[in-house]
Amino acid sequence: MEDFIARYGFLFVTILQQALLGLSLYFPLMTGQLSLASIGFYALGGYVAAIMGTHPELAPLRETLGFFLYPLEWLVALAASTLLGVALGYPALRLRGIYLALATIAFVLTLGVVVLSLPIAGGAVGIFAIPQPFEDRLAYAWFFGPLLALTVFFLWRLERSGTGRLFFSIREDELAAAAMGVNVTARKVQAFVIGCALAGVVGAMSAPLLNTWNARQGTFDAAVACLAYVLIGGARSKWGALLGAALLVSLPELLRPLKDSRMILNGLVLVLACVYMPQGIAGLFARRRS
Amino acid sequence: MSLAWFLQNLLNGLSIGSVYAVFALGYTLVFSILGIINFAHGAVFTLGAYLTYVLAVGEFGLNGMLAGVTLPFKLPFALALLVGAALSGLAGVAVERMAFRPLRKRGADALLALVSSLGVALILVNFIQYLFGAEIYSFPPDILGDLPPAMLFQVGEEFVAVRTIQAVLFGVSLLMLLLLVWFIQFTKRGKALRAMAENPETASLLGINVDTFVLGTFFISGVLGGLSGTLIGVSFGLAGPYFGVSYGLKTLAVIVLGGLGSIPGAVLGGLVIGLAEAFLPPDLSSFKEAVAYALLFIVLLVRPQGLLGHNAEEKV
């Protein structure tokens, strides 16, 4: 049993973490907007936590706060991501479809290059020796687990609230929603910013988990992976991101005996899922029920 | 800031920019008829470079599956370039069959095609890594035969260096552009392609076999991708199987800058990005990669239809 936990504990925590990133994309998708920006906010949140955890001038603060440093990091990351999310969201969400996807990719890539040249972010090496609250990596489930539960509960409430219905009305028909008096841009920005804030907090929680943080945390590949969780799991259900992350994170582990060719199979899964399960895994269940 | 400095940067920018333009046209052609961005185009670019390398040099690297294998022949560079490009064209066709056709037949969301093309890109890139290994390949310096590596021209007090490879880059790209424009504007098939870009349903009612032409477009797109991959590879080396992906992302900036689906736009965008990179002051060189992305972002916010786009009216 201990062997099992040692082996798969990290995998379990990674699934929780990646599912949260997938959910951060589900928020804009509720309004029908495909954004790839989450990973940029994830990187930002991680840098906030990494800097707060290692910067020499903040040493007295860390000593006073002790364990409460971590919640403070989450709050600062939340605030920073929300601000940047609003600043990015208002101009970007006038765009739709492929244009929004491209603009958010461009944002992620620009952020990656800019971070490389910022001295405070440690350049190409990044920031390392970030203080860790837990020895055991499985213990980080105490960070990600409650956040995930909270997010799913929030989504469950949101989907039944007036705001949630407004989001869905934009997804189903933007023009009709606008004609009914919905402030389309404001709602889209709202959904987008919630997603950004969530990704920022996930980043702040992940920096201690990974112990180091660098520009490789916010790459194009990672952005695509998050998108794949949602689309393969099902873009029209909050469970989609969870299912997709569980499948895609564990797949490379299960396929480990195949070594080099496992990434080929990973790509194959993406293609097959798009072709045969356009509604995602969650879509399969929905169809069975109806 | 002398004249020679200006000419040198102009030259550098134009030669690399013309390759960006050719690469970008591969995206543009597909976008103009299907309204989809083919993210596997960067992987085809990589494939073209590796295929040409093997055909011209005759051997594989040290740590792929094919390590130590030697081909019984070595093609001259020009021929290897053509065969590599043609094989990349076939890879383009395979991409269409795998990632796009099944979705198109079902009338699926265009964004789903984006993800499935990313999946195919993942397959291709890792397949290349499996076969060729993750190491850096660089073409031998005598790949172009006995030509001198560069020629110097005196401008005033200083010299401008024209590297032979730059001349090849510019020459081949220009030739490809002219061929493509001739094909699209002056042949019957080109006319059919333009009709499809205008309206696929009407085109099919008028007796144009849409499936064949889509395949053909992917073939041409693959040829353009493979060719530009080789040109970049000869100039800067092949920095591992993922090198095409980063060029592919940069080239997204090119097509958006010019206007998605616009051919003159892709050419203009390629030259603008090439020149912008060349004229970037040396102390900002760490931002070189960001230039294209930042331009992409700004253009999308300010003028989403691009410099030469007309709000999705004119295509191909």
query = Do any residues in the stretch A:111-122 that are closer than 14 Å to A:GLY40 by Cβ have Cβ atoms under 6 Å from those of residues that are among the charged types (D, E, K, R), where the two are at least six apart or on different chains, and which pairs are they?
reply = A:VAL113/B:GLU289
request  = Report whether or not B:LEU206 is within 30 Å of B:LEU7 (Cβ to Cβ) and either in contact with a helix residue (DSSP H, G or I) (Cβ under 7 Å, 6 or more places away or on another chain) or not charged (D, E, K, R) (or both).
outcome  = no
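Conditions (1) among the basic types (Lys, Arg); (2) within 14 Å of chain B (Cβ to nearest Cβ); (3) out of contact with any helix residue (DSSP H, G or I) (no Cβ under 9 Å at 6 or more places or on another chain), marked per residue:
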{"position": "A:ALA43", "(1), (2), (3)": "no, no, no"}
{"position": "A:PRO56", "(1), (2), (3)": "no, no, yes"}
{"position": "A:LEU65", "(1), (2), (3)": "no, no, no"}
{"position": "A:GLY85", "(1), (2), (3)": "no, no, no"}
{"position": "A:ALA106", "(1), (2), (3)": "no, yes, no"}
{"position": "A:LEU111", "(1), (2), (3)": "no, yes, no"}
{"position": "A:ALA141", "(1), (2), (3)": "no, no, no"}
{"position": "A:PHE144", "(1), (2), (3)": "no, no, no"}
{"position": "A:THR151", "(1), (2), (3)": "no, no, no"}
ask   = Given the stretch B:66-133, what helices (runs of 4 or more DSSP H) lie entirely inside it while holding 3 or more residues that are of a type in the set (A, V, I, L, M)?
value = B:77-95, B:110-132
ask   = With respect to the numbered conditions (1) farther than 30 Å from B:GLY64 by Cβ; (2) within 14 Å of chain B (Cβ to nearest Cβ); (3) among the aromatic types (Phe, Trp, Tyr), which one is the sole condition not fulfilled by A:PHE220?
value = (1)
message = Checking the structure you have, find out if any residue of the stretch B:126-143 is more than 14 Å from every other protein chain (Cβ to nearest Cβ) and farther than 23 Å from B:PRO241 by Cα.
response = yes
task = Sort out which residues of the stretch A:59-90 are of a type outside the set (A, V, I, L, M) and surrounded by 15 or more Cβ atoms within 10 Å (Cβ to Cβ), and write them in order of number.
result = A:ARG62, A:TYR70, A:GLU73, A:TRP74, A:SER81, A:THR82, A:GLY85, A:GLY89, A:TYR90
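Consider A:SER35 carefully, then state whether it is within 13 Å of chain B (Cβ to nearest Cβ) and more than 24 Å from A:GLY233 (Cβ to Cβ). Full working, then the answer.
Working: within 13 Å of chain B (Cβ to nearest Cβ): yes; more than 24 Å from A:GLY233 (Cβ to Cβ): no.
Considered against the rule, which asks whether it is within 13 Å of chain B (Cβ to nearest Cβ) and more than 24 Å from A:GLY233 (Cβ to Cβ), A:SER35 comes out as no.
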inquiry  = Any residue in the stretch B:243-271 that is touching a residue at least 12 places away in the same chain (Cβ under 8 Å) and at the interface with chain A (Cβ under 9 Å from one of its Cβ atoms) sitting within a Cβ distance under 6 Å of a residue that is surrounded by 24 or more Cβ atoms within 10 Å (Cβ to Cβ) and acidic (Asp, Glu)? List the pairs, counting only those 6 or more apart or interchain.
reply    = none
Search result, residues across the stretch A:206-232 that are surrounded by fewer than 24 Cβ atoms within 10 Å (Cβ to Cβ) and in contact with a Phe, Trp or Tyr (Cβ under 6 Å, 6 or more places away or on another chain) = A:LEU209, A:THR212
task = Consider only pairs whose beta carbons are under 7 Å apart and that are at least six residues apart or on different chains; among these, list those whose first residue lies in the stretch B:1-18 and is over 12 Å from B:GLY156 (Cα atoms) and whose second residue is in a loop (DSSP other than H, G, I, E, B).
result = B:ASN9/B:PHE279; B:GLY13/B:PHE279
ask   = Only one residue in B:LEU224, B:LEU175, B:LEU179 is part of a helix (DSSP H, G or I) and surrounded by 14 or more Cβ atoms within 10 Å (Cβ to Cβ), so which one is that?
value = B:LEU224
ask   = Are any residues in the stretch A:195-220 more than 11 Å from the chain's Cα centre (by Cα) and closer than 16 Å to A:LEU34 by Cβ, and if so, which ones?
value = A:PHE220
request  = Kindly establish whether B:ALA94 is within 14 Å of chain A (Cβ to nearest Cβ), surrounded by fewer than 18 Cβ atoms within 10 Å (Cβ to Cβ) and more than 20 Å from the chain's Cα centre (by Cα).
outcome  = no
request  = Could you list all residues from the stretch B:97-109 that are touching a helix residue (DSSP H, G or I) at 6+ places or on another chain (Cβ under 7 Å) and facing chain A (nearest Cβ under 8 Å)?
outcome  = B:MET98, B:ALA99, B:PRO102, B:LEU103
task = Assess whether B:SER88 counts as being within 14 Å of chain A (Cβ to nearest Cβ) and touching a helix residue (DSSP H, G or I) at 6+ places or on another chain (Cβ under 6 Å).
result = no
message = Pairs needed: first member in the stretch A:138-150, in contact (Cβ under 8 Å) with a residue 40 or more places away in the chain; second member anywhere, exposed (fewer than 15 other Cβ atoms within 10 Å of the Cβ); C-beta distance under 8 Å; at least 6 residues apart or different chains.
response = A:LEU138/A:ILE5; A:TYR140/A:PHE134
inquiry  = If I ask for residues that are at pLDDT 80 or above and more than 7 Å from chain B (Cβ to nearest Cβ), which ones from the stretch A:255-276 would you list?
reply    = A:VAL269, A:LEU272, A:ALA273, A:TYR276
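Is there a residue being on the phi > 0 side of the Ramachandran plot, touching a residue at least 12 places away in the same chain (Cβ under 8 Å) and not aliphatic (A, V, I, L, M) anywhere in the stretch B:116-130?
no
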query = What number of residues in the stretch B:240-269 are part of a helix (DSSP H, G or I) and either in contact with an Asp or Glu (Cβ under 6 Å, 6 or more places away or on another chain) or over 19 Å from A:THR110 (Cα atoms) (or both)?
reply = 7
ask   = Condition test on A:TYR90, is it more than 30 Å from A:GLY9 (Cα to Cα) and either hydroxyl-bearing (Ser, Thr, Tyr) or within 14 Å of chain B (Cβ to nearest Cβ) (or both)?
value = yes
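Please pick out the residue among B:PHE218, B:PHE297 that is at pLDDT 85 or above, surrounded by 17 or more Cβ atoms within 10 Å (Cβ to Cβ), part of a helix (DSSP H, G or I) and of a type outside the set (A, V, I, L, M). Quick ask: steps written out before the conclusion?
Details: B:PHE297 fails: at pLDDT 85 or above.
That would be B:PHE218, the only listed residue that is at pLDDT 85 or above, surrounded by 17 or more Cβ atoms within 10 Å (Cβ to Cβ), part of a helix (DSSP H, G or I) and of a type outside the set (A, V, I, L, M).
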task = Scan the stretch B:144-186 for residues that are touching a helix residue (DSSP H, G or I) at 6+ places or on another chain (Cβ under 6 Å) and among the charged types (D, E, K, R) and jot them down.
result = B:GLU158
inquiry  = Of the conditions (1) more than 16 Å from the chain's Cα centre (by Cα); (2) crowded, with 17+ Cβ neighbours inside 10 Å; (3) without any contact (Cβ under 8 Å) to a residue 40 or more places away in the chain, A:PHE167 satisfies every one except a single condition; which number is it?
reply    = (3)
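The values are calculated or read from the model by the stated rules, or taken from the named source; none is laboratory data. Keep in mind that what you see is a predicted model, and the values were worked out from it rather than measured. Don't worry about glycine lacking a Cβ; one is built from the backbone with ideal geometry, like all the others, and counts go over all protein chains shown.
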